[in-house]
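Structure, as structure tokens:
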Amino acid sequence: MLAYQHAYHAGNIADVHKHLTLFALAQRLREKTSAITWVDTHAGRGIYPLDSAETQRGGEFLDGIQPLWQRRESFPQPSLVHSWLQQLAALNPDEHLHCYAGSPWWLARAMRSGDHLELYELHPGEHRHLQQFDQQLPVGARRHFGDGPTTLLKHLPVATPRLCVLIDPSYEVKSDYLAVAETLSRIAEKVRHAVVAIWYPLLAAQRHLELLKAVRESGVRKVLRSEVIYADTAQTRGMYGSGMLLLNPPWQLDQQLSEAGEQLAALYAGRSTVEWWVAE
């Protein structure tokens, strides 16, 4: 249950899709001045050195962030992809790709004065790595060793006017799909205007359909779905695509994600879909 370590997959195409979506979401939410509590329920590590033994062993960044980084000058300015790569360049100032940023890094950079950030990690090894990120956390950020979704639900509502939650478990356990849908429903019940981003894998077993069905039947409204498919399901046994569900996304975010998704699909020889999964 706690065998998964994301370092083996850091910087893959799914990471690019997930973190680009998270960046776009954060940028739009920051346009309003009211304070936000940012929550990462499965934080992992803050930064992933690409020369680490785990990341080199997986090597998935070679098909993910690396080709995107190599073509970073080809994206129009301004564009979501270009802006996101500019942010990543802060970790790689010599223009060589040494490190990839995990979700705690992206959320920490999104924080403003008055915001809060809650980082949860249950895996003991991953939590030890996350501790090393403490010195880079701004005022108002806290790290927790424990179950993110369960602890979050116990502490809702939050003190700030707004709430933004990222949920991206490993889905090692089949029941995770329905558990994520249940967590989304309960967050929406407790904080009606909460913004929630859920990442899910597209695998041959198609278990993500359980999640999508459960969300649609839960009664929540205003859920946007974004998927990037980058492999032929007939020719792969692993993950063939990446999905995101966004509850209460900001205005016009769907247009931004649609444009960025098309750019990613062109780069990875795949296809992209952005649509309303549940209408308002």
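The values are calculated or read from the model by the stated rules, or taken from the named source; none is laboratory data. Fair warning: this is a prediction, and the values are worked out from it, not measured in the lab. Reconstructed Cβ throughout: ideal geometry from the backbone, glycine too, with neighbour counts over all protein chains shown. Calculation scope for accessible area: heavy atoms of the full protein, side chains included, ligands and nucleic acids excluded. Shrake-Rupley method; radii C 1.70, N 1.55, O 1.52, S 1.80 Å.
Below are the figures for this structure:
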quantity	calculated
Heavy-atom SASA rank of D63, D232, D115, D134 (probe 1.4 Å, accessible area, largest first)	D63, D232, D134, D115
Cα centroid separation - region 123-195 against region 218-280, whole Å	22
Orientation-averaged projected area, Cα convex hull of region 48-130 (nm²)	7.0
Neighbour cut-off at most 12 other Cβ (10 Å), DSSP loop, trypsin sites (Lys or Arg not before Pro), region 224-280	R237
Estimated dipole of region 1-72 in Debye, rounded to 20 [Cβ of Lys and Arg +1, of Asp and Glu -1, Cα centre]	320
The chain, relative contact order [Cα under 8 Å, separation at least 6], %	21
Simple Cβ-charge dipole of region 150-253, Lys/Arg +1 and Asp/Glu -1, about Cα centre, in debye nearest 20	380
Residues of region 226-262 with amide N under 12 Å of the 7 Å Cα→Cβ point at R271	228-233
Alpha-carbon Rg with Dmax, taken over region 1-93, Å	14.7, 43
P(r) tail fraction, the chain - alpha-carbon pairs more than 32 Å apart, %	17
Neighbour cut-off at most 14 other Cβ (10 Å), DSSP loop, chymotrypsin sites (Phe, Trp or Tyr not before Pro), region 178-280	W251
With every protein chain in place, region 1-100: carbon and sulfur % of accessible area (1.4 Å)	49
Share of Cα-Cα pairs in region 146-206 lying beyond 17 Å, as whole percent	39
Heavy-atom accessible area per residue - the chain, 1.4 Å, Å²	47
Backbone HN-Hα couplings from phi across region 22-27 [Karplus 6.51/-1.76/1.60, Hz, Gly and Pro as x]	4, 4, 4, 4, 5, 4
Loop-resident sites, region 1-102, for chymotrypsin sites (Phe, Trp or Tyr not before Pro), counting at most 14 other Cβ within 10 Å (DSSP)	none
